[in-house]
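Notes to accompany the following structure.
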Amino acid sequence: MDANIYTQIKASIKQSLKIDLENYKDEQMRRRLDSWLIRTRANTWNDYFNLISRDADELERFRNYLTINVTEFFRDANRWNALKEEILPYLLKNSMENRKVEGLKLWSAGCSIGAEAYTLAMMIAEVAPFQKYFILATDLDRGALLKARSRGPYTQEDIRNLSLVQRQKYLTSVSPFYVSDGLQKNIRFEEQDLLAARFDNNFDLIVCRNVVIYFTTEAKDKLYAKFSAALRPGGILFMGGTEIISGPTKYGLQNFGISFYKKF
Ligand SMILES: C[S@@+](CC[C@H](N)C(=O)[O-])C[C@H]1O[C@@H](n2cnc3c(N)ncnc32)[C@H](O)[C@@H]1O
């Protein structure tokens, strides 16, 4: 795809989907768009934009494709175990002692269909069942949020990392699976573009995993600074396996084990 066409497509996507591709890596996005057009029945991008202006389902499919909302419960289980065994106990002790507040304030940023936010809720129920907490869960994908708020349905694939006990405790018993409503009561799902929104603050933990992979260096730079400002001192940012923040101290963050950064 040549640069002129890409510029036009970016403008059309911004208009129809309110997604600003200026913040996403050029080369990967152009490749993704090229392969998407081949998969659709449209011959040209003009035809395709005509199609999505009339067909809401197709528009949603396109949005899902662009934002790539693949997820699952306890995705990358090894890191979630580190969260459970090392980070959560640290947060419970330090955060609560130092701030004299009642509850933990957590954020799943780029939560997709909600598996990550529900994973956090399961974990707290297991580690500190009487702990007060609040989870903000945000994404720019409206369709994904709808499913998150509906507590499912989740597939066998989505729940493959859950133990038998967790399944029995938190899910309906037959496929497609729904999360129990008790798990949802401390979670608020909200539509939000991480690259445009102003953030709330005083978070103990921000989980932002497998979201920034397609962002440009500039977009990541701004986001990390905003995340740091949104954390309370001593708060933790939990990133994805390949999303390593180089020179975290310039954002007021320090390494705190693999995938974790602590605000100082
Ligand atoms: C691959 S999923 C990751 C879901 C979950 N964090 C996980 O690791 O399982 C990426 C999510 O990021 C969301 N996303 C992408 N760009 C975003 C943006 N600018 N603002 C908010 N969410 C965004 C997508 O809609 C998608 O649901």
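The values are calculated or read from the model by the stated rules, or taken from the named source; none is laboratory data. Everything quoted here is computed from the prediction, not taken from an experiment. Cβ atoms come from the backbone with ideal geometry, glycine included; neighbour counts cover every protein chain shown. Surface areas here come from the heavy atoms of the whole protein model, side chains and all, with no ligands, DNA or RNA. Shrake-Rupley method; radii C 1.70, N 1.55, O 1.52, S 1.80 Å.
Looking only at the range 246-256, filter to residues that are farther than 10 Å from SER228 by Cβ and modelled with pLDDT of 95 or more; which one of those is least open to solvent (accessible area, probe 1.4 Å)? Looking at residues that are farther than 10 Å from SER228 by Cβ and modelled with pLDDT of 95 or more, I get GLY247.
Listed conditions (1) under 16 Å from ASN201 (Cα atoms); (2) in a helix (DSSP H, G or I); (3) not β-branched (Val, Ile, Thr) are all met by ASP221, apart from (1).
Being in a loop (DSSP other than H, G, I, E, B), of a type in the set (S, T, N, Q) and open to solvent by 70 Å² or more (accessible area, probe 1.4 Å) is the filter here; which residues of the range 157-183 pass it? Matches in the range 157-183: SER173, SER175.
Of all residues in the range 186-197, which are within 13 Å of the ligand (Cβ to nearest atom), over 12 Å from the mean Cα position of the chain (by Cα) and farther than 18 Å from GLY240 by Cα? Result: ALA196, ALA197. Residue count for the range 216-244 satisfying the condition of being open to solvent by less than 10 Å² (accessible area, probe 1.4 Å) and among the aromatic types (Phe, Trp, Tyr): 2. Selection of helices (runs of 4 or more DSSP H) fully inside the range 1-99 by the criterion of at least 3 residues being open to solvent by less than 70 Å² (accessible area, probe 1.4 Å) and at pLDDT 90 or above returns 3-17, 26-39, 45-54, 77-82. Here LEU162 clears all of (1) touching a Lys or Arg at 6+ places or on another chain (Cβ under 6 Å); (2) within 15 Å of the ligand (Cβ to nearest atom); (3) over 29 Å from TYR224 (Cα atoms) except the condition numbered (1). For the range 165-177, the set of residues classified as under 17 Å from ASN81 (Cβ atoms) and free of Cβ contacts under 8 Å to residues at least 40 places away in the same chain consists of VAL165 only. Close contacts from the range 187-208, counting a first residue that is under 19 Å from ILE87 (Cβ atoms) and a second that is within 10 Å of the ligand (Cβ to nearest atom) and in a loop (DSSP other than H, G, I, E, B), with Cβ to Cβ under 7 Å and a gap of 6+ residues or different chains, come to CYS208/GLY110.
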